[in-house]
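Everything on this sheet refers to the single structure shown next.
The values are calculated or read from the model by the stated rules, or taken from the named source; none is laboratory data. The model shown is predicted, which means the values in this text are computed figures rather than measured ones. Ideal geometry is used to build each Cβ from the backbone, glycine not excepted, and the neighbour counts take in all protein chains shown.
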Amino acid sequence: MSYIDNNKPLVSVCMITYNHENLIKDAIEGILMQKTSFPIELIIGEDCSTDNTRKIVEDYEEKYPEIIFAQYSEKNLGMINNFLNVLQAARGKYIALCEGDDYWIDPLKLQKQVDFLEVNPDCSLCFHASKSIRNNNPEDFVIKRPKSIPNDNKFEMKHAILGGGGFMATNSMLFLRKHINERPEWMNRSPAGDLPLMLLLASNGKIGYIDDLMSVYRVMSSSTSWSASMQNRSRRKIHHYAILKMWSDFDKWTEHKYHKYVVRKMMMNRWNFLIGNIKYHIKKFM
């Protein structure tokens, strides 16, 4: 398969990192090991870490100047703003994601996903199976893949809505950059980055799936991780209501085209939040 303009990266890998000094090397090496028939670039958003993360990123950028391009914040931007800045810097036809505490395990990941999207122009996004490990313990893991896979390996908007943020691992996503050039306002108000992105992409095409295990997502990998922050009850409450507002705004933006799925998802969110609160109080008083 041939690609247009091999002097320009076909794929931009976007990575955000903050206080990942013990993890960032795995993330970067997972990109550097990729075997592709096309050029790639790695854009790293280093968000003013207080540990040794910045020095590690600088060393890699110096060693691989033709591939790695880092953005260094002089003050902490926060996960969402850092994520948006890195996306804006991408030059490739396709964008792949890998946060600084996650990593890829298949050297053909990018080649497989690009090949899929090149021959499936009805798809705006491609994802794959992933492994989730807890607390950096390789023995404590689950394999994340859809319970039911369509015969053509293509999902639609209803699957993205009902699956929500847990439908696919962020580090399994590869998508066409042209679909994110214009962001609707509801995305800018969202408390999350990956879920709105998935919904926007699903509004532009089908979601392709490759049933190969190609990445690792770390759960509770550090005190600064999103999963760790959700252990804080007040933060979890704020996030819950902000997500409900996002679903309401998304419903209006799509002119209620997927209303029945959005309502079901909002009910699921409310139920999970309620169960979480009940478990919290039981644990507190036991």
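Side notes on the structure shown:
- For segment 142-158, the candidate set comprises residues that are in contact (Cβ under 8 Å) with a residue 24 or more places away in the chain and in a strand (DSSP E or B); within that set, the residue that is surrounded by the most Cβ atoms within 10 Å (Cβ to Cβ) is Phe155.
- Residues that are part of a strand (DSSP E or B) and not hydrophobic (A, V, I, L, M, F, W, C) were ranked within segment 23-53; the one that is farthest from Asn136 (Cα to Cα) is Glu41.
- Residues in segment 68-83 that are in a loop (DSSP other than H, G, I, E, B) and surrounded by fewer than 18 Cβ atoms within 10 Å (Cβ to Cβ): 5 in all.
- Breaking point among (1) within 27 Å of Asn135 (Cα to Cα); (2) in contact with a strand residue (DSSP E or B) (Cβ under 9 Å, 6 or more places away or on another chain); (3) of a type in the set (S, T, N, Q), for Ser73: (1)
- Test result for Tyr209, at pLDDT 85 or above, over 22 Å from the mean Cα position of the chain (by Cα) and among the hydroxyl-bearing types (Ser, Thr, Tyr): no
- When segment 86-111 is filtered for residues that are part of a helix (DSSP H, G or I), touching a residue at least 40 places away in the same chain (Cβ under 8 Å) and over 23 Å from Arg218 (Cα atoms), the ones remaining, listed by number, are Ala89, Gln111.
Condition check ((1) without any contact (Cβ under 8 Å) to a residue 40 or more places away in the chain; (2) of a type in the set (Asp, Glu)) across all residues:
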site	(1), (2)
Gln34	no, no
Glu46	yes, yes
Ser49	yes, no
Glu66	yes, yes
